[in-house]
1. In whole percent, and with a 1.4 Å probe on the protein chains, what portion of the accessible area of the chain is carbon and sulfur?
2. If Lys and Arg each add +1 and Asp and Glu each add -1, what is the summed charge of the other residues whose beta carbon sits under 10 Å from the beta carbon of R444?
3. Just to compare against my own numbers: the Cα pair-distance distribution for the range 186-329, 5 Å bins, whole % per bin, please.
4. What do the square roots of 5 times the Cα gyration tensor eigenvalues come to for the range 139-245, in whole Å, largest first, as semi-axes of the equivalent ellipsoid?
5. What number, rounded to the nearest 500 deg cm²/dmol, is the helix-based mean residue ellipticity at 222 nm of the chain, given -39500 (n - 2.57) per DSSP H run of at least four residues and division by all its residues?
6. Which far-off residues, 5 or more places away or on another chain, put their amide H under 5 Å from the one on W386, with H placed in the peptide plane?
7. Need one number: % antiparallel among DSSP beta bridges in the range 356-474, to the nearest 5.
8. Against the globular-protein guess of 2.2 N^0.38 Å, express the Cα radius of gyration of the range 286-412 as a ratio, rounded to two decimals.
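The values are calculated or read from the model by the stated rules, or taken from the named source; none is laboratory data. What you are looking at is a predicted structure, and each value in this text was computed from that prediction instead of being measured. Virtual Cβ from ideal backbone geometry, glycine too; neighbours counted across all protein chains shown. Accessible surface is based on the protein model in full, side chains and every heavy atom, while ligands, DNA and RNA are left aside. Shrake-Rupley method; radii C 1.70, N 1.55, O 1.52, S 1.80 Å.
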Amino acid sequence: MLPSATTLTLDGLLISHCTVAMIAAGHILLTKRDTSAAIGWIGTVLVVPFFGVCLYLFFGINRVHRLARKLVQARNPQESGADPVVRWSRGDTGSFRLLSRMVGRITGRPLLGGNQLDILIDGDNAYPVMLEAIRQAESSIMLSSYIFRYDRIGKIFVSALIEAHRRGVAVRVLLDGIGAGYFLCPAARALQEAGVPCERFLHSVLPWRMPFINLRNHRKILVTDGATGFLGGLNIGDENCGATDIAKRVGDMHFRVRGPVVRQLAEAFAWDWSFTCGEELAGRTWFPPLTEEGTELLRVVTAGPDTDLEKIEYTALQAITLARHSVRLMTPYFLPGTRLQSELALAALRGVQVEIIVPRQSNHRIMDWACRADIHPMLDAGCRVWLSGPPFNHAKLMVVDREWAFVGSSNFDTRSLRLNFEINVESYQAGFAEKIDDFICSHRCGRLTHHDLDERILPVKLRDAAMRLFSPYL
């Protein structure tokens with residue numbers, strides 16, 4: 001009996017699936033270092049016909065290395081060793097000298113003295129200072145933001161940037177290709193229509209040219225006249241202002257920095273800008289002579305796929321290792337992976353007071369569910385986990401022994417630590433660290449305990465555990 005057309009079709013589909021799946025499995029074996037991830041992806045492409053391979057193509061392939069090598073080529077020439085910034089380079093830092101030495105080696109940036117670092121809490125305090133800096137700018141403005149809404153506050157920023165451009169200031173605006181709106185970005189359109197150079201980081205309507213999950217620019221940078229800089233967790237949008245309904249309000253912390261370390265901040269922006277559009281930002285317009293503004297010892301730490309891979313995570317790991325009394329961190333999303341979890345647990349077991357502050361309810365419920373399923377090892381080791389809010393606080397802060405602080409754009413989740421482009425600053429000034437530590441402590445509203453986790457009903461436990469499996473992609 002001759003085989004039917006249906007049988008031949010099914011056989012052809014089976015052969016096609018096996019062929020494509022085996023090719024994908026070979027790619028997984030050659031490229032995935034994490035054994036668990038490799039096994040999971042191989043199972044997906046083999047068990048789920050065709051769709052599993054599609055999932056791997058869009059979410060599993062690391063397109064980072066090729067693109068990151070382009071970023072290396074785009075580094076700004078101001079980063080050369082002949083830069084006069086070495087005048088403010090500082091060594092030693094007491095009990096954290098080993099940390100300072102290690103961070104200097106992995107970042108290639110010196111620890112700089114002569115800086116001033118100011119805390120700006122929430123948009124109500126930060127936005128007016130940022131806008132004033134834009135309005136007072138005389139030569140240049142660099143602005144990078146993950147989210148830039150075209151709402152009330154967004155329109156004020158757009159107007160200030162357009163006004164600066166019209167009075168002859170060199171303005172460059174870089175917005176993330178997804179965070180600022182993938183299909184529509186009214187803020188970028190308004191700036192471009194007014195002639196302001198505004199680019200979208202890794203944005204393309206062609207999927208093969210834009211990884212939808214990987215490679216997001218999560219940095220928040222503002223530098224005016226190469227002398228005053230801002231960084232932190234604050235995006236641009238009305239939700240960061242106090243007039244917003246408390247259920248929708250987002251608390252945050254931003255920082256104004258002045259002094260030699262602003263050069264490192266500007267270089268990070270120039271690097272991203274050059275990669276995005278090919279324009280090199282150089283010369284006194286963007287990098288004027290440096291001046292001393294205070295006594296803070298600061299250093300910028302950037303992280304991103306490949307070139308700066310996991311440097312923020314390595315910095316945090318080394319700081320926790322050196323902790324003698326306390327480690328406190330505050331983050332909107334806590335899914336740090338096994339290395340940071342293990343280091344925090346070991347610190348708690350050796351008698352260090354470890355406190356982790358997370359929102360009672362964040363703006364991404366899936367992250368909350370995954371966190372609840374992932375937090376047990378912290379509690380088992382004696383770490384204290386506190387719930388904050390409302391309102392939801394978006395600040396990303398870490399303090400060790402009330403002497404060293406680490407603040408910026410990076411969350412304590414796998415995406416921020418290993419995939420996003422992030423920027424933090426480390427401070428070795430005890431006075432600043434104490435202020436951040438006190439701020440973290442003020443948000444301890446209620447303890448998360450073993451009892452709370454055990455009281456979850458079975459469907460909720462299953463839901464949370466399922467979400468935890470997707471933690472690298474959340």
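1. On the way: 11650 of 20290 Å².
Here it works out to 57 percent.
2. +2
3. 2, 7, 12, 16, 19, 18, 14, 8, 3, 1, 0
4. After scaling each eigenvalue by five and taking roots: 22, 17, 14 Å.
5. Numbers: 17 runs with 193 residues, N = 474.
Dividing the helical sum by the residues of the chain leaves -12500 deg cm²/dmol.
6. Under 5 Å from the amide H of W386: I356, I357, V358, L448.
7. Among the beta bridges of the range 356-474, antiparallel pairing accounts for roughly 75 percent.
8. Details: Rg = 15.9 Å, N = 127, 2.2 N^0.38 = 13.9 Å.
Ratio of Rg to 2.2 N^0.38 Å for the range 286-412: 1.15.
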